[in-house]
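In what follows, a structure is listed as structure tokens, so that the remarks can point back to it.
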Amino acid sequence: MAQSIAQAAHLDQPVTAVARRDFVALREDFTVQQALDTIRKRDIGEGIVYFYVVDAQEHLVGVLPTRRLLMAELEQRIADIMVPQIITIPDGATVMEALEFFVMHRLLAFPVVDDEQHLVGTVDVGMFTEEVFDITERERTDEVFELIGFSLSQVREAAPTRVFRFRFPWLLATIGSGTICAVLASAFEATLAQSLVLMFFLTLILGLGESVSTQSMTVTIQALRATQPRWTWYFKALRRELSTALLLGTASGGIVALIIAVWRQEPLAALAVGGSILLSICAACLIGLSVPTLLHALRLDPKIAAGPVTLAVADIFTLLFYFGLATLLL
């Protein structure tokens with residue numbers, strides 16, 4: 001392979017920077033025998049799935065699949081067996097635009113042509129596979145790091161002290177919310193003493209709140225990339241999130257309440273846990289929507305700051321609903 005796209009630095013660079021040059025242009029007036037003789041004399045590398053046909057002025061006029069060439073009679077003319085309908089990539093296209101051709105047309109290769117339809121290179125699907133997977137993996141890795149409060153580019157190959165300055169401030173959000181949650185738990189010692197079931201399901205309810213808030217936050221961040229949020233957008237998104245939260249909360253709370261009722265035979269505890277799950281999931285959806293939107297309105301990067309703040313606020317409200325409702329019912 002003459003040049004792998006894996007060596008490309010950016011998806012917005014010209015596709016000609018990664019196009020293969022080891023193509024063979026066959027004349028349309030060639031016979032199959034002449035075409036095969038021409039191919040044998042050229043170093044065409046590996047992975048050729050199409051040959052391209054040009055006229056006397058070197059204009060691209062057709063495409064010839066390898067199988068069709070091999071199965072044809074030696075006396076047949078290339079013009080008679082080629083496919084005249086051909087999809088080309090202009091030489092001014094970017095690598096990203098070339099990738100879109102593979103997605104839209106599902107072909108194994110495309111010719112790259114200039115404004116006069118002269119063939120300047122080819123790109124095939126094998127050249128893109130590795131880079132696409134690398135890009136996807138990098139994006140997923142960056143999203144994971146952004147969720148916990150910093151960008152991977154900030155800490156890659158940085159000194160330990162610099163990494164500390166980026167990472168520690170966001171850990172403080174977790175420490176702060178954890179401390180507040182501990183204080184809340186201590187304030188409800190009497191409630192916890194009345195029913196051990198509350199202790200059994202404390203981790204579960206915190207996990208549900210964090211999961212739902214993270215889901216809502218991720219959806220919101222994706223939406224913020226494509227829109228300028230206004231009040232009308234926010235209230236429309238809020239109605240959608242709360243409708244989803246009611247369904248999620250009712251289903252999750254009902255299942256957990258049923259488990260407690262069957263397992264421990266404590267109907268009030270079952271009602272307290274199930275009801276608090278419903279309330280905490282509704283709050284988590286609201287928080288997951290509101291925190292990134294607020295950060296975006298303040299011109300802060302929601303991808304970096306939203307994760308720690310959303311999880312911290314979600315934990316606090318989850319415990320408030322959990323212990324508050326349990327105190328009222330038990």
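The values are calculated or read from the model by the stated rules, or taken from the named source; none is laboratory data. Here the structure is a predicted model, which means the values were calculated and not measured. Counting neighbours? That spans all protein chains shown, and the Cβs are built from the backbone with ideal geometry, glycine included.
Tell me, yes or no, whether the stretch 198-221 has at least one residue that is over 20 Å from F321 (Cα atoms), in a helix (DSSP H, G or I), in contact with a helix residue (DSSP H, G or I) (Cβ under 7 Å, 6 or more places away or on another chain) and at pLDDT below 80. Checked the stretch 198-221: at least one residue is over 20 Å from F321 (Cα atoms), in a helix (DSSP H, G or I), in contact with a helix residue (DSSP H, G or I) (Cβ under 7 Å, 6 or more places away or on another chain) and at pLDDT below 80. Restricting attention to the stretch 71-78, does a residue exist that is in contact with a helix residue (DSSP H, G or I) (Cβ under 8 Å, 6 or more places away or on another chain), assigned to a loop (DSSP other than H, G, I, E, B), at negative phi and surrounded by 18 or more Cβ atoms within 10 Å (Cβ to Cβ)? Checked the stretch 71-78: at least one residue is in contact with a helix residue (DSSP H, G or I) (Cβ under 8 Å, 6 or more places away or on another chain), assigned to a loop (DSSP other than H, G, I, E, B), at negative phi and surrounded by 18 or more Cβ atoms within 10 Å (Cβ to Cβ).
Quick check, is R77 out of contact with any Pro (no Cβ under 8 Å at 6 or more places or on another chain) and modelled with pLDDT of 90 or more? Taking the combined requirement at face value, the residue satisfies it.
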